[in-house]
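Accompanying notes for the structure given below.
The values are calculated or read from the model by the stated rules, or taken from the named source; none is laboratory data. All values reported here derive from a predicted model rather than from experimental measurement. Methodologically, a virtual Cβ is constructed for each residue, glycine included, from the backbone with ideal geometry; neighbour enumeration extends over all protein chains shown.
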Amino acid sequence: MIKLLFTLFIVSSFYFAHSQTLDSKYVYQQIAVLSHDSMMGREAGAVEELKSRDYLVQEFKKLGLKPYFDGSYMQWFEFKDGIDYSQGTTLAFGDKNLKAGSDFYPISRSANGTYKGAAIYVGFGIKTADGSTNDYAKLTDLSGKAFIIELSAPKGFDKAGKYAAEASMDGKIDMAISLGAKAVIFVNNDPDFTDPRARMSNRADRSDIPVVVVMSNDFHNLQPAQQMELSLEINLQKITKKAYNVAGYMDRGAAKTLILGAHYDHLGMGGETSRYKGEPKVHNGADDNASGVAGVMEMARYFSSINNLNYNILFLAFSGEEKGLLGSNAFVKSNYFSKEKTLAMINFDMLGRLDSTKKVLTLIGTGTATEWDTLIAQTPNHGLTIKKSASGVGGSDQMSFYQQEVPVLFFFTGLHNDYHTPDDDIEKINLQGEMDVLAFATDLMGKLQKYEKLTFAKTKDEDQGKSRSYKNGVTLGIVPDFSSEVPGVGVGSVIQDKPAQKAGLQTGDIIIKLGDVEIKDMPDYMKALRNIKVGDKTKVVVLRNGKPKQFKLQF
């Protein structure tokens, strides 16, 4: 025992002494390659993702890491992303047929369906609660018709001011539905509103009616209440895509494996979660998350020459994180993952923009193992201010492992104004700050040498996860399983002291009905929540082990 303790002391001291051998040039090179314009934003499922994938495979080979997936460095998975409307989507005004894609397009909130009948022009389609703006005031006989609505607002969309919510596409659609609209046709007569697609809602739910944007120039002289005959059919089909996780394995013959992970995908040319409102542009994602992948690669380079580890290390680069933790979910649900053989999962996501004055490193998941607080306190901080968050469900890939009852730790240097915009570029990376974070991470991994295993703990403070709440203050209190292909909404984990947990819902349940709404997917789930108010009592039906079970909910 004394000899063992002495050995552990020597090993731990070894890490502290060698923390300065981290290679900042190597880290910068990884960020530069992954965030280069040629990678086109590394969107999961896009052709350009393959360039990033192949580069990571090449680097893992150079570092001497073993392929982890049955002789391959890659694990592929399929997911649904995007909408195809090339077949069966038509629009005609009278005898004039418009072409889908060039003359009009359905938006992501659109429902599938058909409409044939009268379409009425309602101007901007804005009605405020205080009555100060009401484009419907002089219009009658609206119910059951299609509404033709201007995309912009009086004096321009950017001057909508206090009624910006009502002037948004979401606001106009919701108002039209409340007034009996059976379809919404958006047109644009604002010369300054040149890219209506960039104004699309980021909400993932859909409406109950077809909604399209018309790009034709035939609607410049419409008058209030003007009507015309419309024939519309919308047929939206989800597109199946393939993406890849990349993993290299460092086998030290140990019983347990430490997983170091980071997602390498980003937003491509933008998309629904981009905060940028201009023409499509490459979102390079230098901080989010080339910086995290560079950290994983540097850890692989650093530890490749250290043989006396008490654990193996699996270096994992996930895809599909930006689309709902798809890659990490695919991994933990595969035969390549074993909870029993996993020591912990450490996630690097956005390491590159450490504030040079405050130097705050946020560690999320410190409550997921009873040993984390002690380990962190014993680790030299390298000039960093360590901010701890107990929650295991902060929205990144460690959450997939936490749901499998694995201790996790998420390294994060904070959000910034360039987050999810084309301005997240390498020129703004604080390289020295990232190296300080990696020095801390290296020393923490050295401290892990003292533990044969960590004690998993379920955390209570989980509000920073992806549990959805609304303006009405209602949340069910679950973290959805975004990778589930089963009709309904899968329960990835249940948040303590929320309605779902109090009612008896469990991880693995599939929600198929909430209140009076049948739940087939996330849009149905989100629609159901909007119908519920704080204080309401309702019922939820789930599939558990293939059998329906009903529970009473109190909000």
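Within the stretch 473-528, the set of residues being of a type in the set (Phe, Trp, Tyr) and surrounded by 21 or more Cβ atoms within 10 Å (Cβ to Cβ) comprises just one member, Tyr525.
With Asn189, Asn217, Asn202 as the choices, which residue is assigned to a loop (DSSP other than H, G, I, E, B), surrounded by fewer than 18 Cβ atoms within 10 Å (Cβ to Cβ) and either modelled with pLDDT of 75 or more or basic (Lys, Arg) (or both)?
Working: Asn217 fails: either modelled with pLDDT of 75 or more or basic (Lys, Arg) (or both); Asn202 fails: either modelled with pLDDT of 75 or more or basic (Lys, Arg) (or both).
After applying the criteria, what remains is Asn189.
Yes/no matrix, rows are residues, columns are (1) within 22 Å of Asn310 (Cβ to Cβ); (2) of a type outside the set (S, T, N, Q); (3) surrounded by fewer than 24 Cβ atoms within 10 Å (Cβ to Cβ):
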{"residue": "Ser334", "(1), (2), (3)": "no, no, yes"}
{"residue": "Phe337", "(1), (2), (3)": "yes, yes, yes"}
{"residue": "Phe348", "(1), (2), (3)": "yes, yes, no"}
{"residue": "Lys358", "(1), (2), (3)": "no, yes, yes"}
{"residue": "Asn381", "(1), (2), (3)": "no, no, yes"}
{"residue": "Lys388", "(1), (2), (3)": "no, yes, yes"}
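Of all residue pairs spaced 6 or more apart or on separate chains, those with beta-carbon atoms under 6 Å, a first member in the stretch 157-185 that is at negative phi and a second member that is at pLDDT below 85 and among the polar types (S, T, N, Q) are Met169/Ser201; Asp170/Ser201; Ile173/Ser207.
Residues that are closer than 23 Å to Val246 by Cα number at least 3 in the following helices (runs of 4 or more DSSP H) confined to the stretch 325-443: 326-332, 398-402.
Scanning the stretch 230-241 for residues that are under 30 Å from Tyr73 (Cβ atoms), at pLDDT 85 or above, crowded, with 16+ Cβ neighbours inside 10 Å and in contact with a Lys or Arg (Cβ under 9 Å, 6 or more places away or on another chain) turns up at least one hit.
Search the stretch 111-136 for residues being of a type in the set (D, E, K, R) and under 37 Å from the mean Cα position of the chain (by Cα), and hand back the single one that is surrounded by the fewest Cβ atoms within 10 Å (Cβ to Cβ).
Of the stretch 111-136, the ones of a type in the set (D, E, K, R) are 116, 127, 130, 135.
Keeping just the survivors that are under 37 Å from the mean Cα position of the chain (by Cα) gives 127, 130, 135.
Values: Lys127: 21, Asp130: 8, Asp135: 20.
Of everything passing the filter in the stretch 111-136, Asp130 is surrounded by the fewest Cβ atoms within 10 Å (Cβ to Cβ).
Name the single residue that is nearest to Asp436 (Cα to Cα) among those in the stretch 274-301 being polar (S, T, N, Q) and either assigned to a helix (DSSP H, G or I) or touching a Leu at 6+ places or on another chain (Cβ under 6 Å) (or both). Ranking the qualifying residues of the stretch 274-301, first place goes to Ser291. Among the residues of the stretch 121-130, is there at least one that is β-branched (Val, Ile, Thr), at negative phi, at pLDDT below 90 and assigned to a loop (DSSP other than H, G, I, E, B)? Scanning the stretch 121-130, I find at least one residue that is β-branched (Val, Ile, Thr), at negative phi, at pLDDT below 90 and assigned to a loop (DSSP other than H, G, I, E, B), so the answer is yes.
Taken over the stretch 23-67, the criterion of being of a type in the set (Gly, Ala, Ser), part of a helix (DSSP H, G or I) and under 28 Å from Thr273 (Cβ atoms) is satisfied by Ala32, Ser38, Ser52.
Within the stretch 420-465, being surrounded by 16 or more Cβ atoms within 10 Å (Cβ to Cβ) and among the hydroxyl-bearing types (Ser, Thr, Tyr) holds for Thr421, Thr442, Tyr451, Thr459. Once the stretch 512-532 is narrowed to residues that are touching a Phe, Trp or Tyr at 6+ places or on another chain (Cβ under 7 Å) and in contact (Cβ under 8 Å) with a residue 60 or more places away in the chain, the residue that is nearest to Val494 (Cα to Cα) is Leu529.
Beta carbons closer than 6 Å, at least 6 apart along the sequence or on distinct chains, pair a first residue in the stretch 377-398 that is farther than 24 Å from Thr273 by Cα and in the same structural domain as Asp443 (by TED's automatic domain parsing) with a second that is aliphatic (A, V, I, L, M) and not in a loop (DSSP other than H, G, I, E, B) for Thr379/Leu444; His382/Ala439; Leu384/Leu361; Thr385/Val360; Ile386/Leu361; Lys387/Val360; Lys388/Leu363; Ser389/Ile364.
Among the residues making up the stretch 122-139, a single one is over 16 Å from Ile173 (Cβ atoms) and touching a strand residue (DSSP E or B) at 6+ places or on another chain (Cβ under 6 Å): Asn134. Among the residues of the stretch 86-133, how many are β-branched (Val, Ile, Thr) and over 10 Å from Leu232 (Cβ atoms)? Of the residues in the stretch 86-133, 6 are β-branched (Val, Ile, Thr) and over 10 Å from Leu232 (Cβ atoms).
All of (1) closer than 22 Å to Ser400 by Cβ; (2) surrounded by fewer than 23 Cβ atoms within 10 Å (Cβ to Cβ); (3) among the aromatic types (Phe, Trp, Tyr) hold for Tyr302 with one exception: (1). Of the set (1) of a type outside the set (Gly, Ala, Ser); (2) surrounded by 15 or more Cβ atoms within 10 Å (Cβ to Cβ); (3) modelled with pLDDT of 95 or more, all apply to Glu49 but (3).
Among the residues of the stretch 87-110, those identified as at positive phi and in contact (Cβ under 8 Å) with a residue 60 or more places away in the chain are Gly88, Gly94.
Only one entry of Gly253, Gly295, Gly270, Gly278 meets the criterion of being buried (at least 20 other Cβ atoms within 10 Å of the Cβ) and either over 22 Å from Gln75 (Cβ atoms) or at pLDDT below 95 (or both), and that entry is Gly270.
If you go through the stretch 132-168 and pick out every residue that is within 20 Å of Tyr115 (Cα to Cα) and either among the acidic types (Asp, Glu) or part of a helix (DSSP H, G or I) (or both), you end up with 2.
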